[in-house]
Amino acid sequence: MDQTALEAAARIAGKSLGANIRRLSPDGPTVLSAGARQFRSVWTRDFCFASGGLIAAGRADVVRETLDQILSFQREDGYFPRLLDSMNFMVRVAAGSFGKSFELRVPLKPNYASEHGGILTADSQSLVAWTAARLARAAPDEAWVRAVFPRLERGMWWYTSLERGELIDQAPFSDWKDSVSARRGAVFFTELLRWQAYRALHELAGMIGDEAAAARWKGRAEAHKDRLEAAFWLEKEGHYRDTLERPLFSTDGNLAAIVWGFSSDEESERILSAMERLDLWTPWGPKAGERYLPSEKGWLVRVAGIPGYHDDFVWLWTAALALLALDRPGHYTRRDALVETLSRKIAAAGEVSEVYRPESGLPVRSWLYSSEAPFSWSSGMLLEAFKKIK
C-alpha cells in the first residue's frame, strides 16, 4: 500500500471535514454541517456518521457540542430532530442547487419531518445513541453520560410506535435512501443501526454503573441480532436482503454488517463474493446496490436527471466501509487498489464530494443537481477508514 498517497488522501478528507465545522456565533456552539451549499444544515444522520472522523481528527469537542444541540430539541415523545437550521431548509436546498449558499446562524430551529408528506426519519434515534457512545469512549465524562442517558433511552423507546411485531414498519423515503419508495417496511440497514444502538446503550449503562440497564440493553442487542439473522440473511444468495419485501442487495447494510462485527467470517466472505457476482464494484468504490425499479424512484430524482442516485451511483462513505471490509486476509489486493484510486481522485479534486458516477468516477452533475462538496458524511468516514486500515 502506498502510505504516502494514503496520508495525502487522509489530509484532504480531514480538510473537507474541517471546512464544514461552523462556529455559529462568537459565544455560540461549534457544530458540523453536512455540506457547504444545499446541505449546510446540521443533518442528524450525516453528522452522526461523520462523528468518527471528527474524533479521529481530535475534534471530540465538535461532536459533543453538535450532539448537545440535537439532544436539546428532543420531543416529548422521544423523537430527535432530523436536522437543525436557522432558515427553511427547503429554501436552502433550492438555493444551493443554483450555487447560492446562506450562512448557518443562531438560533437553530429543529425540523422533524421530511418533505415527503411529513414522514419522520427511521434512523436518527439509533444514530444519536451510537454517536453518544463513541464520544463517551473517546472523551470520557461520566457526568455527561448520566445526564444524557435517559434521553437516549427515551429516544430508542420511540421505536415502539413503529414496530409491527419486533421489527420496524418503516415508511417509504424515511432513511438515507430517501429517493426510493421501495425502502419501506422492515429495512435491514435501519434494523442493523438499532442493533448498534442497543449495544451503545449497554456500553453507556456500564460507564455509569447501571447494571440493570446494561443487562436490559445487552439482552435486546443479542435478541435483535438473532432476529435479524433469521429475517434477512439469504442463505442461497449469500447476503442480507434489503427489505423483507425485496431480496435485493444493498451495499450499506451488507458492508456495515462486516465492519461492525455483525456477520460471521463465513457470511462476510460470502457478502464480498456476492458483490463480485452482482458486479457492484467500480474502481472508486461499490455502487449503492442492486437497481430498483424506475417506478420505485421519486419524481424529483427523475426530473433532475439522476435516477441512479441511490442505486447505480457511488458514495464515498460506502467506499470507506468497503476499505474496512476489505482490510482482511485474501482481500488486500482489492483494498490497496481502492486506496490508490480513491487517493488519486480525492487529490485531483482537492476535496471529497457527495456522490459519483460509476462509469467515470466524476462527481454527479445534472441540469438541476450538483454533488455537494465538501461533503461531511463521506469525508468523516473516509478519514476514519484511512486511519484504521493497515
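The ellipsoid equivalent to the alpha-carbon distribution of the stretch 197-315 has semi-axes of 32, 18, 14 angstrom, derived from the gyration tensor eigenvalues as √(5λ) and listed largest first.
Select from the stretch 68-100 those chymotrypsin sites (Phe, Trp or Tyr not before Pro) which occupy a DSSP coil region and have at most 15 other Cβ atoms within 10 Å, ordered by residue number. Mind showing how you got there, number by number?
Numbers: sites: F73, Y79, F89, F98; in loops: F73, Y79, F98.
Within the stretch 68-100, the qualifying chymotrypsin sites (Phe, Trp or Tyr not before Pro) (loop, at most 15 other Cβ atoms within 10 Å) are F98.
Local charge for L244 was computed over the other residues whose Cβ lies under 11 Å away, with Lys and Arg +1 and Asp and Glu -1, and equals 0. Counting only protein heavy atoms and a probe of 1.4 Å, the accessible surface of the chain is 53% carbon and sulfur. A simple spin-label model places the labels of E163 and R216 1.2 nm from each other, with each point 7 Å out along Cα-to-Cβ.
The distance from the alpha carbon centre of the stretch 1-71 to that of the stretch 319-390 is 17 Å, rounded to a whole number.
Please give the FRET efficiency for F98 paired with S264, using the beta carbon to beta carbon distance and R0 = 51 Å, rounded to the nearest 0.05. Working from the Cβ atoms, E equals 0.55.
Each other residue within a Cβ distance under 9 Å of T121 adds +1 if Lys or Arg and -1 if Asp or Glu, for a net charge of -1.
Taking one equal scatterer on every alpha-carbon of the chain, how large is log10 of I(q)/I(0) by Debye at q = 0.06, 0.08, 0.10, 0.13 1/Å? Evaluating at q = 0.06, 0.08, 0.10, 0.13 Å⁻¹ gives log10 I(q)/I(0) of -0.21, -0.38, -0.61, -1.11. Taking a ≥ b ≥ c as the square roots of the Cα gyration tensor eigenvalues, with a/c under 1.5 meaning rounded and otherwise prolate when a/b beats b/c, else oblate, which class fits the stretch 260-390? It is oblate, given that a/c is not under 1.5 and a/b is not larger than b/c. Residues with beta-carbon under 13 Å from that of R291, excluding R291: net charge, scoring Lys, Arg +1 and Asp, Glu -1? Combined, the nearby Lys, Arg, Asp and Glu give -2. Packing here is the average count of other Cβ atoms within 10 Å per residue, and on that basis the peptides 376-385, 224-233, 255-264, highest first, run 376-385, 255-264, 224-233.
Ranked by the mean number of other Cβ atoms within 10 Å per residue, highest first, peptides 174-182, 277-285, 162-170, 37-45 order as 37-45, 174-182, 277-285, 162-170. Helix content alone sets the calculated 222 nm mean residue ellipticity of the chain: runs of n ≥ 4 DSSP H residues at -39500 (n - 2.57) each, divided across all residues, give -16000 deg cm²/dmol.
Calculate the dipole size of the stretch 185-277 relative to its Cα centre from +1 charges on Lys and Arg beta carbons and -1 charges on Asp and Glu beta carbons; express the result in debye to the nearest 20.
With only Lys, Arg, Asp and Glu charged at Cβ, the dipole is about 260 debye.
Averaged per residue, the stretch 206-284 has 45 square angstrom of accessible surface, using a 1.4 angstrom probe with ligands and nucleic acids left out. Applying both filters, DSSP loop and at most 10 other Cβ atoms within 10 Å, to the GluC sites (Glu not before Pro) of the stretch 1-100 gives E76. So which of K109/K218; K109/K387; K297/K388; K345/K388; K109/K177 end up more than 28 Å apart by C-alpha? Flagged as over cut-off: K109/K218; K109/K387; K297/K388. Extension gain for R328-R11 works out to 111.7 nm (0.36 nm per residue, less the C-alpha to C-alpha distance). Between I55, I119, I271, where does the largest GNM mean-square fluctuation fall for the chain, given springs only between Cα atoms within less than 10 Å? Of the options given, I119 has the highest mean-square fluctuation. Taking a ≥ b ≥ c as the square roots of the eigenvalues of the Cα gyration tensor, the stretch 65-202 is classed as oblate, since a/c reaches at least 1.5 and a/b does not exceed b/c.
The values are calculated or read from the model by the stated rules, or taken from the named source; none is laboratory data. Source: prediction; values computed, not measured. Backbone-built Cβ (ideal geometry, glycine too); neighbour counts: all protein chains shown. Protein only, heavy atoms only, side chains kept; ligands, DNA and RNA dropped before computing areas. Shrake-Rupley method; radii C 1.70, N 1.55, O 1.52, S 1.80 Å.
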